[in-house]
Amino acid sequence: MRHRLSLVLVALAAFFAVFGVMLRVWVYPRVVAVPDNQYQAVVLEAKDATLIDYSRMAGVPHQHVTIVQTLKGDAAAAEAEKRRSGRDVVVWDGLSYVLGNDGKRLSAIPEVYVFDARSQEPVHCCGESVDGEALSRIGVEYKFPFDTQPRDYQYFDPQTRASAPIHYKGTQQLDGLTVYYFEQTIPWTRVPFPKAMPDNVAITPVQIDALGYQRWYTTVRKFWVDPVTGAPINGEEAHNEQLRFPAASGMAPVTIFSGEVKIRPDYRASALALVKSQRTLVLMLSTYLPWGLPLFGVGLLGLAFVAEGRGRRRAEVLTAESVPLADADEDRRAGDVTAAQGTPAAPL
Amino acid sequence: MRVLIAAVAGAVLAVVLALVAVPLAGQNGPTSAKPLLTSAPARP
């Protein structure tokens with residue numbers, strides 16, 4: 001009986017040890033993925049910002065600007081791409097909608113961002129674009145890869161339509177999580193005007209271009225990233241834009257926008273709660289179970305040795321007890337019955 | 001010999017279970033980590 005128990009324990013030990021390893025090397029890289037059908041919105045604010053008044057062609061300080069960013073996973077487009085290429089992709093239809101003090105639109109820029117659901121490598125399909133302009137991204141945008149490493153990444157900047165390094169600047173504690181801090185600086189760069197101009201401005205980007213006006217932009221982008229999920233739990237931008245005029249005009253640049261853009265606290269809290277719940281699931285597959293199950297297997301193997309050892313010792317004792325009785329039997333007459341003779345041998 | 005067979009049986013079962021778990025989980029399964037937005041491009 002003990003021998004059978006030992007065999008079961010050995011089988012279970014092998015099961016848990018191998019299953020733990022398989023979870024890390026086989027299941028984790030295939031199962032942990034960005035869902036292709038998610039919808040998410042976040043609200044950001046720039047308090048005390050400077051904002052252009054086009055009627056006066058001057059920057060007006062102390063403005064409150066609100067940015068509503070939405071991301072909608074286009075599951076149909078992702079499935080179509082999967083049928084075409086066999087690859088699991090995520091197609092995000094994004095929109096950045098910017099509102100001024102009066103609640104009127106200042107701009108709205110749509111984006112289509114396509115990437116591999118697991119590695120987050122950019123994928124060039126499905127109408128990838130920014131503000132209707134087709135392009136090919138390099139690097140990441142919005143989110144970092146699962147198992148983010150403490151190193152620099154290429155981060156796509158939608159204003160310049162180009163990627164630039166986002167530098168790893170250290171590990172910090174934020175809201176009870178260990179996070180990686182990344183920072184990207186985009187130097188002053190000429191960028192296109194958004195196609196959707198402010199509600200109260202009756203001029204098109206084409207007309208602005210014809211006048212020789214230029215839009216220039218610089219920003220310092222900061223991310224605090226949970227390395228397990230690659231999701232930023234906080235982000236800020238020191239964002240500056242200028243309207244510049246032809247050199248012949250002699251006009252000084254005018255600030256279009258200047259401010260510190262931060263996530264509204266309630267959205268930041270909900271983002272943090274979401275990351276905490278998701279990172280636990282990912283950690284289960286990447287760390288907890290791959291380490292815990294083999295350790296449990298080692299424990300079971302130890303129990304198997306103990307059970308087997310006890311069984312063998314018990315068998316040896318019984319064997320030792322039965323040998324003198326057998327010798328004594330030889331000296332007895334036939335027909336003599338001892339108490340031990342009626343006892344069956346202990347099963348092993 | 002029986003110990004070896006028991007260990008192999010346990011290991012094979014683990015491999016099979018892991019292989020089956022992947023298609024069962026699917027892309028939008030409960031382990032899919034949801035991303036977040038924090039990029040803040042202000043475009044007034």
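In nm², what is the average projected area of the convex hull enclosing the Cα atoms of region A:194-301? Don't skip to the end; give the middle numbers.
Details: hull surface 43.3 nm².
It is 10.8 nm².
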TODO: Quick one: angle between helix A:2-22 and the longest Cα principal axis of chain A, in degrees between 0 and 90, rounded to 10, please.
DONE: 10
Open item on the list: Placing +1 on the Cβ of each Lys and Arg and -1 on the Cβ of each Asp and Glu in region A:32-263, which of A:Gly94, A:Ile52, A:Tyr155 has its Cα farthest towards the positive end of the resulting dipole?
Closed with: A:Ile52
Open item on the list: Only four residue types carry charge here, +1 at the Cβ of Lys and Arg and -1 at the Cβ of Asp and Glu. Report the dipole size of the protein assembly as shown about the Cα centre in Debye, rounded to the nearest 20.
Closed with: 80
Open item on the list: Need one number: nm distance between label points at A:Arg105 and A:Met57, each 7 Å from Cα along Cα→Cβ, rounded to one decimal.
Closed with: 2.6
Task: Long-range Cα-Cα pairs in region A:32-263 (distance over 26 Å), rounded percent - done: 41
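Per-residue mean of other chain beta-carbon atoms within 10 angstrom of the beta-carbon, peptide A:159-170?
Values: counts 3, 0, 0, 0, 0, 0, 0, 0, 0, 0, 0, 0.
Averaged over the peptide's residues, the number is 0.
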TODO: Taking the convex hull of the Cα atoms, report for the protein assembly as shown its projected area averaged over all directions, in nm².
DONE: 27.4
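Taking all pairs of distinct Cα atoms, average 1/r, flip it, and tell me the Kirkwood hydrodynamic radius of region A:135-174 in Å to one decimal place. The partial results should precede the final answer.
Details: mean 1/r = 0.0895 Å⁻¹.
It works out to 11.2 Å.
So what's the projected area for region A:1-94, the Cα convex hull averaged over all directions, in nm²? Can you show the working numbers first?
On the way: hull surface 51.5 nm².
Computed as one quarter of the Cα hull surface, the answer is 12.9 nm².
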Open item on the list: If I take the Cα coordinates of region A:234-277 and project them onto the principal axes, what are the three extents in Å, biggest first?
Closed with: 58, 13, 9
- [ ] Over region A:116-162, calculate the relative contact order: mean separation of alpha carbon pairs under 8 Å at least 6 apart, over the residue count, as a percent.
- [x] 36
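If neighbour count is taken as other Cβ atoms inside 10 Å, put A:Val261, A:Val27, A:Val206 in order from fewest to most. Present the calculation step by step, with values, prior to reporting the outcome.
Numbers: A:Val261 25, A:Val27 22, A:Val206 9.
Fewest-to-most Cβ neighbours within 10 Å comes out as A:Val206, A:Val27, A:Val261.
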- [ ] Treat the count of other C-beta atoms within 10 Å as a stand-in for reagent exposure and order A:Lys47, A:Lys262 from fewest to most.
- [x] A:Lys47, A:Lys262
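Normalised by the number of residues in chain A, what is the relative contact order in percent for Cα pairs under 8 Å and 6+ residues apart? Write out the running numbers ahead of the final one.
Details: 673 pairs, mean separation 68.2, N = 348.
Answer for chain A is 20 percent.
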Open item on the list: Using the Cα centre of region A:32-263 as origin and beta-carbon charges of +1 (Lys, Arg) and -1 (Asp, Glu), tell me which of A:Phe182, A:Gly250, A:Pro205 is placed farthest towards the positive end of the dipole.
Closed with: A:Gly250
TODO: Before rounding to the nearest 500, sum -39500 (n - 2.57) across all DSSP H runs of length at least 4 in the protein assembly as shown and divide by the residue total; then give [θ] at 222 nm in deg cm²/dmol.
DONE: -11000 deg cm²/dmol
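I'd like the mean, over residues of A:32-43, of how many other protein chain beta carbons sit within 10 Å of each residue's own Cβ. Let's see the in-between values first.
Values: counts 5, 8, 6, 8, 3, 3, 4, 0, 4, 1, 5, 0.
Mean shielding by partner chains, rounded to a whole number: 4.
We did not get these values from a lab; they are worked out from the coordinates using the rules stated. In this text, all values refer to a predicted model and were calculated from it rather than measured experimentally. Backbone-built Cβ (ideal geometry, glycine too); neighbour counts: all protein chains shown.
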